[in-house]
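Trainee: Okay, here's the structure, questions in a sec.
The values are calculated or read from the model by the stated rules, or taken from the named source; none is laboratory data. Note that the coordinates shown come from a computational prediction; the quantities given were computed from them, not determined experimentally. Neighbour counts run over all protein chains shown; Cβ positions are idealised from the backbone, glycine included. Surface accessibility is based on the protein's heavy atoms, side chains included, excluding ligands, DNA and RNA. Shrake-Rupley method; radii C 1.70, N 1.55, O 1.52, S 1.80 Å.
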Amino acid sequence: MVITEANADNDPIANTSSKKRRLRRKRLNAARALHKDLNNPASLISTTVTNHLVPNQEINGIVRKPQKKSIDSNCSKLDSTLENIVNMSSKEDSKSRDDVLAAREAKKLAKQKGKPKPTQNEAQTAVTKSDTPKENSATEKIGKENKETKKLATSESAKSKDEVDKAVVKTDDISKDDIKAERAAKKAAKQAKKKKEDGGDACADNMTVKDVVETLKDIANVAREVQDVTAKVQAINLEPKKAEESGKSKAELRAERRAKQEAQRAAKQAAVQQKAPADKPEAKAKADETVKPKEEKSPKVKSAEKAKSKQQSVNRVNWFQHLHMQQDKESLKKIPINSNLHPAIIKLGVQLASRVVSGSNARCIALLDALKKMVRDYTLPAKTEFARGLEAHLAASLEFLWAMRQPSASQTNAVKCFRHHLTQLPNNVDEFDAKKTLQEEIDRYIREQIDMAGEAISLTVRNKISDGDIILTYGCSSLIERILVEAHASGLRFRAAVAGARVGAGASAREMLRRLVAKGVPATYVDITAVSYIMPTINKVLLSASALLVNGSVLGAVGTAQVALVAKSFNVPVLVACETHKFSERVQTDAFVYNEIGDPDELVDKTDENSPLKDWRSNPNLTPLNLTYDVTPPSLVTAVVTELAILPCTSAPVVLRFKLSEYGI
Amino acid sequence: MKKEEVQDIFLKILREEEDVSAGVAAIRTLLTVIENYKVATVRELDLNLQLAVDAMRHCDQPVTAISSGCELFMRFITLAKLDVKSFDECEQIMLQRGRIFLDTLLEARGKVAKQAIPFISDGCKILTHSRSRVVLQAMLEASKANKRFQVYVTMSSPDNSGELMHKQLVAAGIDATLILDSAIGYIMEQVDLVMIGAEGVTESGGIINKIGTYGLGIAALELKKPVYVLTESFKFSRIYPLNQRDVPIEFKYLSSVLKSGRDLSKQHALVDYTPPAYITLLFTDLGILTPSAVSDELIKLYL
């Protein structure tokens with residue numbers, strides 16, 4: 001939004017209407033003369049704004065501040081009730097036109113992205129320096145829109161445009177009561193937002209480029225709804241005189257502008273914060289992509305979308321419709337990003353979704369690390385209890401993360417522990433102390449529940465390995481790797497056999513093999529299809545788990561159950577290594593009720609030119625299914641090795657009960 | 001304190017009192033050690049007890065019950081270690097706790113026997129293996145309760161301990177038949193239930209018992225006969241064998257055999273491991289448990 005503003009002079013659309021702008025300025029001067037008594041030096045507001053900005057280096061902060069200012073300007077709008085209603089009505093008339101406008105806006109945005117853009121701060125100073133009505137981007141935008149509307153229809157819109165410009169002039173007027181107004185505006189904005197959500201409109205906070213259009217469409221409705229709240233707003237407003245004069249119109253405009261600004265901001269952030277490589281060109285492409293269909297009439301767009309989703313569902317197996325699907329790169333770009341999220345959380349979210357971070361322990365540690373960073377950088381809003389403030393922040397972050405990938409049992413437990421410590425904080429705790437405590441607790445959790453637990457398990461399993469054994473394992477696990485490497489280092493002479501598969505979880509077995517061989521552990525690789533062939537020579541099977549469920553079932557990487565089944569039928573003992581922080585209170589008897597669907601393209605053999613799966617998307621009768629987990633029933637598992645003891649699977653409830661009494665979680 | 005002295009005390013208890021199992025004898029020996037050998041510090045006492053346990057493990061007696069009993073005893077009495085100020089006080093508390101522990105152990109067998117009575121119905125045929133004091137007591141109690149039932153007792157080589165069991169049952173007026181170990185499969189289809197004792201109960205809920213029990217369990221499962229294990233809870237031990245090979249070697253062979261350095265593959269193992277899948281119920285002084293409940297109890301005891 002800021003950038004749009006800074007480059008507005010270069011904008012062709014803006015230039016074509018320079019005549020009109022001149023006209024507007026004349027009217028502005030007239031308005032100034034009228035309100036001389038209230039007029040303050042224009043420089044005052046700009047200085048206050050810059051002062052606000054200096055300490056806050058966050059991108060979010062920078063983006064947010066000018067918005068506040070615009071809300072201030074909204075507050076200052078005194079005498080335009082009638083005109084605004086007219087404005088609104090003209091808007092409603094031109095809803096479909098708004099679509100077109102939004103599309104153009106988006107295009108413009110994309111173009112500017114492509115251009116070498118000024119840095120955020122430069123843009124900011126540009127805003128603060130300029131005195132003219134143009135400085136307020138929202139106003140500017142409305143003005144532009146109305147210009148476009150005028151071509152097609154009414155003189156009413158021109159009228160409203162003038163009103164908007166007038167409002168900007170009065171931005172200068174209210175700098176006196178700057179802070180007061182700001183507060184009132186904040187409240188009003190909150191209410192407006194609530195209203196919007198109630199009405200089922202798009203949440204202003206979480207918007208992508210795509211949502212911009214939607215929001216613009218909804219603005220008129222929102223404004224109408226906001227009228228209902230206006231009475232309240234008036235009561236809250238600390239400037240009774242102004243409120244009296246234009247309470248309703250203020251609220252309307254405020255809501256409208258806020259929505260628009262939010263939309264623009266979100267659009268910009270979506271582009272800026274996208275972690276995907278090749279930021280700029282991609283963003284441009286994306287913008288174009290979203291714009292093109294929108295340039296047609298909206299009903300058509302809808303049908304196209306429907307068709308698309310239908311196409312997708314065709315390629316999903318019917319009984320697995322309820323399962324969470326791995327996001328491909330395209331859908332990853334469309335995920336709404338809340339601007340309040342900590343960058344570490346967003347980074348982790350993308351890493352989780354793209355499976356860069358995978359494996360139960362790695363995901364847990366990464367989550368805790370991100371939470372630690374979040375706690376460290378968390379600034380407590382005024383008059384908020386630390387625990388409550390952070391809890392709200394945490395909930396938003398987790399919602400985002402879980403949308404990227406469903407939480408593993410280890411993550412759920414880690415969050416449960418974190419929440420537990422958060423609620424244990426005393427009410428009047430100092431912010432610094434609270435942060436320190438929480439960070440220490442996170443460190444302690446990683447150390448005790450993951451690292452030391454792994455060490456204990458490694459020691460226990462080592463006692464079960466004897467010289468000359470051949471140990472079969474499946475897939476890749478940090479814990480199993482640690483056990484085998486440490487057992488080898490302790491002088492045990494055994495061989496490892498790593499079973500893997502070409503795709504899915506089994507594909508990581510080659511990584512496991514690489515790591516084992518690098519550490520000097522003699523190892524063999526077999527495909528999972530050959531497991532029954534190799535099984536008679538195996539002495540023990542050592543498997544890892546993603547979670548141990550309370551009924552004793554083992555939730556593991558897909559293929560685990562098959563290996564355990566073959567081992568059972570060959571009478572080979574099956575050991576499952578699993579720290580107690582992966583014990584889950586869920587009950588699951590098969591892999592259908594809960595699972596994750598991985599990328600179906602993984603199933604396609606890319607090295608094979610003539611792979612029959614190559615163009616599965618175009619074949620409606622072909623549905624590749626790449627499941628992530630499977631469930632091993634307790635009857636197939638000889639023992640579970642935990643840091644507490646070697647236990648039968650059926651003792652999972654005891655461990656959970658024990659942990660509950662020990663840690664209160 | 002000498003190793004031999006401890007061994008003497010231990011063997012003397014076993015020799016003089018026919019009715020005392022090795023585990024109880026071991027615990028009584030430990031109590032005597034605390035009483036007789038005066039020491040000045042907790043650390044010294046600890047070392048003494050450990051030495052005593054080690055000595056008993058090497059007296060050519062089955063080790064399973066000794067090790068689990070001693071482990072539990074140490075756990076039970078040494079919990080007091082940190083709570084009191086002076087050592088004398090501590091020693092007194094330990095002795096007191098030790099006696100309480102011993103008393104509960106002695107009561108345990110009666111409790112287990114009582115629990116088993118309802119499972120012995122009139123006219124049923126029971127197969128048992130080797131000699132178990134607790135099984136014997138349960139059968140005697142059932143007989144006293146005027147239950148009429150028939151018992152098949154295996155000879156249980158190599159020490160033919162089944163013969164003694166048979167003699168004791170007949171003496172009590174119970175209809176008992178001595179059978180060959182090799183006749184287990186033949187007899188199995190006639191019997192209604194299998195009732196055995198145990199030398200040790202593992203964390204998995206399986207048992208370590210006189211060799212032949214595993215085969216008995218397999219046959220019983222195949223013919224769908226319930227297998228009831230009668231055992232006191234002091235035999236619960238924190239080992240988790242994965243298979244027969246994984247059973248600790250000192251459990252399988254007498255210490256004299258191990259010391260002699262002979263090729264173990266040519267030696268007969270004394271015990272085998274019966275996995276929990278072959279066991280229907282465990283009758284203990286803690287109640288009647290399913291095999292999976294054993295680890296629950298062990299976690300309660302040790303964590």
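Trainee: For segment A:630-656, which residues satisfy the criterion of being under 20 Å from B:Tyr240 (Cβ atoms), in contact with an Asp or Glu (Cβ under 9 Å, 6 or more places away or on another chain) and part of a strand (DSSP E or B)?
Mentor: Selection gives A:Ala639, A:Ile646, A:Leu647.
Trainee: Right, something else. Could you tell me whether B:Tyr278 is within 21 Å of A:Val574 (Cβ to Cβ), within 14 Å of chain A (Cβ to nearest Cβ), of a type in the set (Ser, Thr, Tyr) and open to solvent by 10 Å² or more (accessible area, probe 1.4 Å)?
Mentor: Working: within 21 Å of A:Val574 (Cβ to Cβ): yes; within 14 Å of chain A (Cβ to nearest Cβ): yes; of a type in the set (Ser, Thr, Tyr): yes; open to solvent by 10 Å² or more (accessible area, probe 1.4 Å): yes.
When the stated conditions are applied, B:Tyr278 passes them.
Trainee: Could you please give the count of residues in segment B:255-275 that are within 14 Å of chain A (Cβ to nearest Cβ) and among the aliphatic types (A, V, I, L, M)?
Mentor: 1
Trainee: Then there is this: Given the criterion without any contact (Cβ under 8 Å) to a residue 40 or more places away in the chain, within 14 Å of another protein chain (Cβ to nearest Cβ) and of a type outside the set (Lys, Arg), identify the matching residue among B:Tyr302, B:Tyr240. Full working, then the answer.
Mentor: Values: B:Tyr302 fails: without any contact (Cβ under 8 Å) to a residue 40 or more places away in the chain.
Residue meeting the stated conditions: B:Tyr240.
Trainee: Another one. Of all residues being touching a residue at least 40 places away in the same chain (Cβ under 8 Å) and open to solvent by 30 Å² or more (accessible area, probe 1.4 Å) in segment B:94-118, which is farthest from B:Val229 (Cα to Cα)? Just the residue, please.
Mentor: Looking only at segment B:94-118, we keep the residues that are touching a residue at least 40 places away in the same chain (Cβ under 8 Å), and these are B:94-95, B:98-99, B:101-102, B:104-109, B:111-113, B:115-116.
From the residues that got through so far, the ones that are open to solvent by 30 Å² or more (accessible area, probe 1.4 Å) too are B:99, B:104, B:106-107, B:111, B:115.
Values: B:Arg99: 27, B:Thr104: 20, B:Leu106: 18, B:Glu107: 18, B:Lys111: 14, B:Gln115: 12 Å.
Looking at the filtered set, the residue picked out is B:Arg99.
Trainee: I would also like to ask the following. Taking B:Glu199, is it in contact (Cβ under 8 Å) with a residue 60 or more places away in the chain, away from chain A (no Cβ under 11 Å) and open to solvent by 10 Å² or more (accessible area, probe 1.4 Å)?
Mentor: yes
Trainee: Can you name the residue in segment B:223-269 that is touching a Phe, Trp or Tyr at 6+ places or on another chain (Cβ under 7 Å) and open to solvent by 50 Å² or more (accessible area, probe 1.4 Å) and is also nearest to B:Tyr302 (Cα to Cα) among such residues?
Mentor: Among those that are touching a Phe, Trp or Tyr at 6+ places or on another chain (Cβ under 7 Å) and open to solvent by 50 Å² or more (accessible area, probe 1.4 Å), it is B:Arg238.
Trainee: Let me ask something else about it. Does A:Thr580 satisfy the criteria of being of a type outside the set (Phe, Trp, Tyr), surrounded by fewer than 17 Cβ atoms within 10 Å (Cβ to Cβ), closer than 28 Å to B:Gly205 by Cα and in contact (Cβ under 8 Å) with a residue 12 or more places away in the chain? Walk me through how you get there before you give the answer.
Mentor: Details: of a type outside the set (Phe, Trp, Tyr): yes; surrounded by fewer than 17 Cβ atoms within 10 Å (Cβ to Cβ): no; closer than 28 Å to B:Gly205 by Cα: yes; in contact (Cβ under 8 Å) with a residue 12 or more places away in the chain: yes.
It is false that A:Thr580 is of a type outside the set (Phe, Trp, Tyr), surrounded by fewer than 17 Cβ atoms within 10 Å (Cβ to Cβ), closer than 28 Å to B:Gly205 by Cα and in contact (Cβ under 8 Å) with a residue 12 or more places away in the chain.
Trainee: Also, quick follow-up: For segment A:484-538, enumerate the residues that are of a type in the set (Asp, Glu) and within 26 Å of A:Thr628 (Cα to Cα). Break it down into steps so the answer makes sense when it comes.
Mentor: Of segment A:484-538, the ones of a type in the set (Asp, Glu) are A:486, A:511, A:527.
Within segment A:484-538, A:Glu511, A:Asp527 meet the criteria.
Trainee: Here is a further query. Filter segment A:646-662 down to residues that are at pLDDT 85 or above and open to solvent by 40 Å² or more (accessible area, probe 1.4 Å) and give me whichever is nearest to the other protein chains (Cβ to nearest Cβ).
Mentor: So in segment A:646-662, the residues at pLDDT 85 or above come out as A:646-660.
Narrowing further to those that are open to solvent by 40 Å² or more (accessible area, probe 1.4 Å): A:650, A:653, A:657, A:660.
Working: A:Thr650: 4, A:Pro653: 8, A:Arg657: 9, A:Leu660: 13 Å.
So the residue we want is A:Thr650.
Trainee: Run down B:Ser143, B:Ser130, B:Ser121 and say which single residue is part of a loop (DSSP other than H, G, I, E, B) and buried (at least 18 other Cβ atoms within 10 Å of the Cβ).
Mentor: Details: B:Ser143 fails: part of a loop (DSSP other than H, G, I, E, B); B:Ser121 fails: buried (at least 18 other Cβ atoms within 10 Å of the Cβ).
The conditions single out B:Ser130.
Trainee: Specify which of the listed residues (A:Ala499, A:Ala507, A:Ala523) is open to solvent by 10 Å² or more (accessible area, probe 1.4 Å), under 40 Å from the mean Cα position of the chain (by Cα) and among the small types (Gly, Ala, Ser). If you could, list the steps in order and put the result at the bottom.
Mentor: On the way: A:Ala499 fails: open to solvent by 10 Å² or more (accessible area, probe 1.4 Å); A:Ala523 fails: under 40 Å from the mean Cα position of the chain (by Cα).
The conditions single out A:Ala507.
Trainee: Okay, moving on. Considering only segment B:195-236, how many residues are farther than 29 Å from B:Ile27 by Cβ and part of a strand (DSSP E or B)?
Mentor: Total satisfying the criteria: 0.
Trainee: Could you list, in sequence order, the residues of segment B:22-50 that are among the aliphatic types (A, V, I, L, M), over 13 Å from B:Asp88 (Cα atoms) and either modelled with pLDDT under 85 or open to solvent by less than 70 Å² (accessible area, probe 1.4 Å) (or both)?
Mentor: To start, the set of residues in segment B:22-50 that are among the aliphatic types (A, V, I, L, M) comprises B:22, B:24-27, B:30-31, B:33-34, B:39-40, B:42, B:45, B:47, B:49.
Filter once more, keeping what is over 13 Å from B:Asp88 (Cα atoms): B:22, B:24-27, B:30-31, B:33, B:47, B:49.
Within segment B:22-50, B:Ala22, B:Val24, B:Ala25, B:Ala26, B:Ile27, B:Leu30, B:Leu31, B:Val33, B:Leu49 qualify.
Results for (1) crowded, with 16+ Cβ neighbours inside 10 Å; (2) of a type in the set (Phe, Trp, Tyr), shown as yes or no for each residue.
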residue	(1), (2)
B:Glu189	no, no
B:Met195	yes, no
B:Ser204	yes, no
B:Tyr214	yes, yes
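Trainee: Tell me, which residue of segment A:526-547 that is away from every other protein chain (no Cβ under 14 Å) and within 40 Å of the chain's Cα centre (by Cα) is most open to solvent (accessible area, probe 1.4 Å)?
Mentor: Taking segment A:526-547 and keeping what is away from every other protein chain (no Cβ under 14 Å), we get A:526-537, A:544-547.
Subsequent filtering for residues that are within 40 Å of the chain's Cα centre (by Cα) retains A:526-529, A:544-547.
Working: A:Val526: 20, A:Asp527: 58, A:Ile528: 23, A:Thr529: 114, A:Ser544: 26, A:Ala545: 7, A:Ser546: 17, A:Ala547: 1 Å².
Filtering first and then ranking leaves A:Thr529.
Trainee: Checking the structure you have, find out if any residue of segment A:371-378 is in contact with an Asp or Glu (Cβ under 8 Å, 6 or more places away or on another chain), in a loop (DSSP other than H, G, I, E, B) and not acidic (Asp, Glu).
Mentor: Within segment A:371-378, not a single residue is in contact with an Asp or Glu (Cβ under 8 Å, 6 or more places away or on another chain), in a loop (DSSP other than H, G, I, E, B) and not acidic (Asp, Glu).
Trainee: Of all the residues that make up segment B:276-298, how many are of a type in the set (Phe, Trp, Tyr) and outside any helix (DSSP H, G or I)? I'd like the intermediate steps shown before the answer.
Mentor: Filtering segment B:276-298 down to residues of a type in the set (Phe, Trp, Tyr) leaves B:278, B:283.
Cutting the leftovers down to outside any helix (DSSP H, G or I) gives us B:283.
Total meeting the criteria: 1.
Trainee: Test each condition in (1) touching a helix residue (DSSP H, G or I) at 6+ places or on another chain (Cβ under 6 Å); (2) open to solvent by 30 Å² or more (accessible area, probe 1.4 Å) for A:Asp369 and report the one that comes out false.
Mentor: (1)
Trainee: May I ask you to list the residues in segment A:583-605 that are surrounded by 20 or more Cβ atoms within 10 Å (Cβ to Cβ) and aromatic (Phe, Trp, Tyr)?
Mentor: A:Phe583
Trainee: Quick one: A:Tyr629 ticks every box in (1) at pLDDT below 95; (2) open to solvent by less than 40 Å² (accessible area, probe 1.4 Å); (3) within 14 Å of another protein chain (Cβ to nearest Cβ) except a single one, so which number is it?
Mentor: Looking at each condition in turn, A:Tyr629 falls short on (3).
Trainee: Name the residue that is least open to solvent (accessible area, probe 1.4 Å), counting only residues in segment B:11-21 that are part of a helix (DSSP H, G or I) and charged (D, E, K, R). Step through it out loud before you land on a result.
Mentor: In the first step, residues of segment B:11-21 are kept if they are part of a helix (DSSP H, G or I); the result is B:11-16.
The next check asks that each one be charged (D, E, K, R); those that pass are B:12, B:15-16.
Working: B:Lys12: 106, B:Arg15: 169, B:Glu16: 124 Å².
In this case the residue turns out to be B:Lys12.
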